[in-house]
Structures are given as C-alpha cells and as structure tokens.
1. Only one residue in 293, 345, 283 is touching a strand residue (DSSP E or B) at 6+ places or on another chain (Cβ under 9 Å) and under 30 Å from residue 250 (Cβ atoms). Which one?
2. Output the residues belonging to the range 57-68 that are surrounded by 24 or more Cβ atoms within 10 Å (Cβ to Cβ) and closer than 23 Å to residue 393 by Cα.
3. Just give me the residues in the range 170-194 being part of a helix (DSSP H, G or I) and either touching a helix residue (DSSP H, G or I) at 6+ places or on another chain (Cβ under 6 Å) or at pLDDT below 95 (or both), in sequence order.
4. Exactly one condition in (1) exposed (fewer than 14 other Cβ atoms within 10 Å of the Cβ); (2) assigned by TED's automatic domain parsing to the domain that holds residue 158 is not met by residue 214; state its number.
5. Please verify whether the range 150-160 includes one or more residues that are over 17 Å from the mean Cα position of the chain (by Cα), under 29 Å from residue 194 (Cα atoms), free of Cβ contacts under 8 Å to residues at least 40 places away in the same chain and not in a strand (DSSP E or B).
6. If we keep just the residues of the range 1-52 that are at pLDDT below 95 and under 30 Å from residue 355 (Cβ atoms), which is surrounded by the fewest Cβ atoms within 10 Å (Cβ to Cβ)?
7. Need the failing condition index for residue 128 against (1) over 19 Å from the mean Cα position of the chain (by Cα); (2) buried (at least 17 other Cβ atoms within 10 Å of the Cβ); (3) closer than 14 Å to residue 196 by Cβ, just the number.
8. Considering each of 359, 330, 379, 394 in turn, give the residue that is under 20 Å from the mean Cα position of the chain (by Cα) and either outside the structural domain of residue 66 (by TED's automatic domain parsing) or farther than 25 Å from residue 50 by Cβ (or both).
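The values are calculated or read from the model by the stated rules, or taken from the named source; none is laboratory data. Worth saying up front: this structure is predicted, and the values here are computed from it rather than measured. Here the Cβ positions follow ideal geometry from the backbone for every residue, glycine too, while neighbour counts run over all protein chains shown.
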C-alpha cells in the first residue's frame, strides 16, 4: 500500500515517455490500467527476450500495471474506455490531441462522463503554438533542445544524441509531478482539468537552466553556455589502468587534493588554482592539469586517496559492473523476481523511500490483455457485455502462455 493507494490511472500511453511515468505512479501505489491497442505496445518487441512480446525495455517500464486490450477505433472499445474513465482519477495519453479527438476521446468527451478526471497529455509541443500538431520523438527533441550542439562543443564539432532516451525520461518525470499537482488541486476544488506536458518546452527548460548563461540578460552578456560543463576535459579521468569519475570542486576539495598528492603549495603557487573564480576563469587549463595528474596512479590508488581526502569520486561502471556496486548490493536495489511467464528477471527497486507507506511494487509487467476481463468486471460490466465486446473484436483476450523455462 504505497502513498498513492486508492488513485486510479487509465493509461493509454505507449513506448517509453508515458509508460515510464505511469510505472512510477503504479510503483507508488496507484492502480494503473494499461490500455493497449490490438497491435500492443511497440516497445514490447525491443531487445532480447524469452518471448518476442515481452522484451526488457517493456519489462522495465510497465510493472505495477494491469493490461487490457481495447480496439478504440470500434464503438465498443470507445465505450469501454469511457466506462473505465467514469471511476478513474487520471487519464494519461501521449498521442497528438487530434488523434484523441478522432477517437472520440477529446477532453470534453471524457470530462462529460467524469468531470473530476485529470486529462493528462504528454505532447510534443505546447498546444497553443505553431508546432502543436507536429510529431515528436526523443531524438528530435534532443536536437531542438540543443543537446547535440552541446556535444559538438566538446567533441571536435561532432554532434550526437545522449545514448539514452533522456527526453522521454525527463518529460515522464515532469509529468508525474504535473499529474500529482493536478490531483491535489482537484481534491481541493472538486474540479478536474486538462493538463499538457510538452516535450519541447520541458527539455529546453531542462537544458537552458544550466546553459542560458549571459543570454539571461538583455542585452546578452555572452552567447550562453556554462563553461565548466563545456570544458573538453570535463570527463572521466584516465588513470594508469582505467578511468575514474572525480570532482575536485570547492576550495576545501582543492586544498585536500593537493595536500594528498604532495603539492600543498599549489593553490598559492599557481594563481589559476587560487579560488573558485580563478578556477572557473581558467577551467580548461585546470581540467587539463587534472587529466595529467590522474594518469600517474591506478584507479584503485586514486579511489583510496580521494576517499581519505574526502574528495568526491566514484568508479566509472559499465552495465554489468554497476550491478555489483557494493552500495547497491547492500541496499537491495537490484532484486530478482520470478515472472509468471518470463521466468527469473532482475528488477530495480523504487529509489524513493517512505517511512510509513513504502512503495513496494506488487505486479511485474503484464502480458498483453492479461487483466482485461477483470478490469471490465471492476468497472461494472456484466459477463454478457464482456463477451459481446470480445466477440465484436473490441476487447482482446490474452493468449494462454506457458511459463518460460529458465
């Protein structure tokens, strides 16, 4: 019984941005009903799996949910969806608003059956601007939000995307806060509302919070950019035998660092290292010097030295290495579970912790349509109505699947 126990979410979203947000809401205790089209969520098919419709990206973005398959292009499917909305607190979608209107599921149509519902759209662009109807994907939004430009600044002019769906993930996080803020307001006013979370504006805000720089002022004081983050040597430092992530940042860090390597007079001897302002003014030279210093010892030696000096440092892990991190092992962050059809799988714990209402996911990612009949019964439909929806193709029933052999 997590902190959101009692909240019901009808989740029409697919791929990553919306499912990531609704998984968090489900992890926190909400009852999340995942509504899939007959073709299923595309992300089911991404990555290696024991079943072609239960890939790892799906398993890691869709736990804590029940699944129902509805063909919303049929009148029966549309009516079933509206029936679910009658008792829901939130409807979540991440298709374009025009697509929702074509399905007969615009805000006005949904609010007509439940005026208290929060109608939450994760959209590409603010709906009052000229880009409102444009399609949006993570790569496009990364580019428009200046992320590849930032890489080009530190990578010999070569732009690239972050090798993670960072726009989808960040917008998903922002959407959770926007949804919960709307629920709190609804509980005070008694009125539902529509809330849009646009990818473009969210990511521009996210990136330029660091890099607006002198463009904050009118007239501008510079061309933008946070110089420390754009230094070419701001990266994991190469050691004698690998790499280390270290941040020698404030005056105390620098004094202790130089004392630990036997150069305690360095901040006074070299004016570039004297104080924070001087270091920022000469950041490329400062980081270049650190790069040379870190080449003189092994990673293990540096980790021990920096820990003793109380200078922030962490290993640079690969995917398998982070699984064995001693802190994550001690806190039980990675947990093994027996999935009813996919066998033994590794899941990550909910990072946030509550003292009284802990969030402990109770459902692993569902097979497509696994809970369809159960969900419609909960919504008040009788057996005859459910059978009629199935016969007419509006309701897809989950195929019986034998548990995977491990």
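1. Every option except 293 fails the conditions.
2. Correct list: 65, 67, 68.
3. 170, 171, 172, 174, 175, 176
4. With (1) exposed (fewer than 14 other Cβ atoms within 10 Å of the Cβ); (2) assigned by TED's automatic domain parsing to the domain that holds residue 158 applied to residue 214, the lone miss is (2).
5. no
6. Going through the qualifying residues, I end up with 1.
7. Status for residue 128: all satisfied but (2).
8. The unique qualifying residue is 359.
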